[in-house]
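Computed from the coordinates by the stated procedures, all read-outs in this text should not be read as laboratory data. Note that the coordinates shown come from a computational prediction; the quantities given were computed from them, not determined experimentally.
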Amino acid sequence: MTRYWLRFRATAALILFSSAVLGQERVDAAPAVPESGTMCVLPNSPDPPTRISPGGAYNPTTLKVRIDQGPARSWPHKSPIKIEALALNERHLLVLTSDGKRIQSLWFRFTDFQDTKVCVYFDGYEGVQLGDKHSALWCKCR
């Protein structure tokens, strides 16, 4: 009976130790949940547009983008810019201005997308386009 009891105790200890180690690995292997989102502003042409939709006229040299109450940033013409540390669970206001006048604005939420990185593109003809890597093939921000 004691030999059986010793084997039982050794097996039970091994099972408890194994489950504790495996459980610890699961906790450590859990993917980190991002706390904030990123808006990637994709570049457009520095040349004035040849086609525009009504109300879409803009000057590429003075085109600026602003999110919420943040600073207005010049729209990029060569490489994308990132606007980081945006709250994931809040609604955000995206405002485009040109020559000091508001030309377009829209509200968006990161919860409307499948990713925490959202791209914005503007060309004056199709207006403002928002998307993530799952919904827009043109969203190539890293």
Hey, if you drop one equal point scatterer on each alpha-carbon of the range 36-131 and run the Debye formula without solvent, what base-10 log of I(q)/I(0) do you get at q = 0.20, 0.23 Å⁻¹?
-> -0.96, -1.24
Setting aside same-chain residues fewer than 8 positions from K117, which lysines have a Cα under 27 Å from its Cα?
-> K64, K78, K82, K133, K140
Under the definition of Cα pairs under 8 Å and six or more residues apart, what whole-number percent is the relative contact order of the range 36-131?
-> 38
